[in-house]
Amino acid sequence: GDAVWFEGEWVPIIMYEEPFKIGPKPDAEVLIETIEYVPHHGPIRPGSKTEGKAITIRWNGLWPSDEVETMLGWVYAKNVDEWMEAANHFSIGATNWVAGDVEGNTGYNPHVRLPYREQLDPNFPPYMPLPGDGGYEWVGWVPNERLPHVVNRPLGYVVTANNDIAGTTIDNDLLNDAEYYQSVVNVGQRGYRAGRITERIQEKIDQGEKFTLKDMSDIQAD
């Protein structure tokens with residue numbers, strides 16, 4: 001009831017109160033909620049305690065992050081290389097960031113602080129609740145060089161549309177690679193959009209035509 005079993009010992013649950021203001025008015029009601037927090041995993045989901053078990057939420061957004069460093073870096077970046085370096089500070093919520101500079105260089109860096117997992121077990125995939133007894137822990141963050149990114153892609157362009165950019169779904173097994181890159185959202189995106197964008201771009205290139213803003217708008221709306 002007041003502790004969790006982790007790596008062979010009991011770890012006390014931390015209890016604290018969190019005020020939630022309901023509405024924007026100065027005299028708005030303030031609700032005081034008691035939060036149960038497992039030190040190595042995160043808060044217990046309210047209402048999830050049942051028969052000696054509970055669900056805790058572990059998310060990289062519960063750690064301090066420095067997205068502001070990314071935004072400031074982009075303001076002052078003079079080229080794609082500086083832009084790429086600044087993007088490496090973006091920690092939470094991987095986003096398809098792309099950039100280009102006046103020299104014609106392009107960069108793609110969907111940087112995120114990605115957990116490196118102790119093991120990837122088909123019986124307990126990361127997109128489902130995992131046992132909390134210590135066997136399925138995060139053991140650090142995937143290094144930047146192993147996260148998807150590219151400068152001056154050989155094809156001359158970069159396509160992103162929530163598709164599998166790492167290629168880990170090609171064999172229909174999300175769990176046989178060193179890192180787990182996918183989310184449940186992305187697994188549902190089978191690449192049709194990225195395939196169509198690539199098709200449209202390649203058609204223009206094969207015809208020897210240059211792209212206009214209207215071309216890009218038409219592709220976006222296809």
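The values are calculated or read from the model by the stated rules, or taken from the named source; none is laboratory data. Values in this document were obtained by computation on a predicted structure and should not be read as measured data. Note that we place each Cβ from the backbone using ideal geometry, even for glycine, and neighbour counts take in every protein chain shown. Keep in mind that these areas ignore ligands, DNA and RNA; they rest on the heavy atoms of the full protein, side chains included. Shrake-Rupley method; radii C 1.70, N 1.55, O 1.52, S 1.80 Å.
Full extension of the segment from Ile219 to Val139, taken as 0.36 nm per residue of separation minus the current Cα-Cα distance, would add 24.7 nm.
What a 1.4 Å probe finds exposed on the chain is 54% carbon and sulfur by accessible area, rounded to a whole percent. Here the dipole of segment 1-96 is about 280 debye; that uses its Cα centre as origin and unit charges on the Cβ of Lys and Arg (positive) and Asp and Glu (negative).
The Cα center of segment 53-113 and the Cα center of segment 153-222 differ in position by 20 Å. Tell me which label goes with the value of Rg and Dmax of the Cα atoms in Å computed from the coordinates here: [x] 17.9, 57; [y] 22.2, 69; [z] 16.3, 45. Step by step, Rg and Dmax of the Cα atoms in Å for this structure corresponds to label [y]. Short-range pairs are left out: with C-alpha atoms under 8 Å and at least six residues apart, the relative contact order of the chain is 12 percent. Calculated accessible area for the chain comes out at 67 Å² per residue, all protein chains present (probe 1.4 Å; ligands, DNA, RNA ignored). Rolling a 1.4 Å probe over the protein heavy atoms leaves Thr106 with an accessible area of roughly 40 Å². Between Asp81 and Leu62, the modelled labels are 4.0 nm apart [label points 7 Å from Cα along Cα→Cβ].
In the assembled protein chains, Asp171 presents an accessible area of approximately 80 Å² (probe radius 1.4 Å).
The residues Met15, Met84, sorted by heavy-atom accessible surface at 1.4 Å with ligands and nucleic acids left out, run Met15, Met84 from largest to smallest. Taking segment 36-65 and a reference point 7 angstrom along Cα→Cβ of Ile92, the backbone N atoms nearer than 20 Å belong to 36-46, 56-65.
If R0 is taken as 30 Å, the Cβ-Cβ distance between Ala166 and Thr50 corresponds to a FRET efficiency of 0.25.
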